1. Just the residues that are free of Cβ contacts under 8 Å to residues at least 40 places away in the same chain, surrounded by 11 or more Cβ atoms within 10 Å (Cβ to Cβ) and in a loop (DSSP other than H, G, I, E, B), please, taken from region 25-57.
2. Can you confirm whether S61 is surrounded by fewer than 14 Cβ atoms within 10 Å (Cβ to Cβ), among the polar types (S, T, N, Q) and modelled with pLDDT of 85 or more?
3. For the structure I just gave you, tell me whether T22 is in contact (Cβ under 8 Å) with a residue 12 or more places away in the chain, closer than 21 Å to G2 by Cβ, polar (S, T, N, Q) and part of a helix (DSSP H, G or I).
4. Just one of (1) small (G, A, S); (2) closer than 24 Å to K5 by Cα; (3) part of a helix (DSSP H, G or I); (4) modelled with pLDDT under 85 trips up G83, so point out which.
5. Would you check if there is a residue in region 38-45 being over 10 Å from the mean Cα position of the chain (by Cα) and acidic (D, E)?
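The values are calculated or read from the model by the stated rules, or taken from the named source; none is laboratory data. In this text, all values refer to a predicted model and were calculated from it rather than measured experimentally. With ideal geometry, Cβ positions are generated from the backbone for all residues, glycine too; neighbour counts draw on all protein chains shown.
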Amino acid sequence: MGIPKTIDNDVTQTDFSIGFQTAVQIATDALDRLRSTAESHHRVMVLEVMGRDAGWIATYSGLANGADGNPDSGSTGDRGKTGEYV
């Protein structure tokens with residue numbers, strides 16, 4: 001039996017893929033640091049994370065941190081939508 005190692009959490013028939021939880025934890029830690037910096041400087045910060053087509057890392061880490069928004073332009077490839085969102 002072979003198990004694909006991917007952080008994208010896009011393997012069918014599985015709840016979570018190997019490496020996904022670690023990727024979410026690292027992204028959540030980065031969001032924690034960015035949030036305190038953004039609040040102290042009255043700025044808007046954008047964190048871009050990996051995730052080929054799924055966007056699960058951004059969704060889970062954003063939910064865990066209470067992010068104000070989660071624009072997912074990765075699925076369409078249109079980065080202009082992210083700029084409009086911000």
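1. Hits for region 25-57 are M45, L47, E48, V49, G55.
2. no
3. Taking the combined requirement at face value, the residue satisfies it.
4. Here G83 meets the rest and fails (2).
5. Of all residues in region 38-45, those over 10 Å from the mean Cα position of the chain (by Cα) come to 38-45.
Next, only the ones that are acidic (D, E) stay: 39.
Yes, region 38-45 contains at least one residue that is over 10 Å from the mean Cα position of the chain (by Cα) and acidic (D, E).
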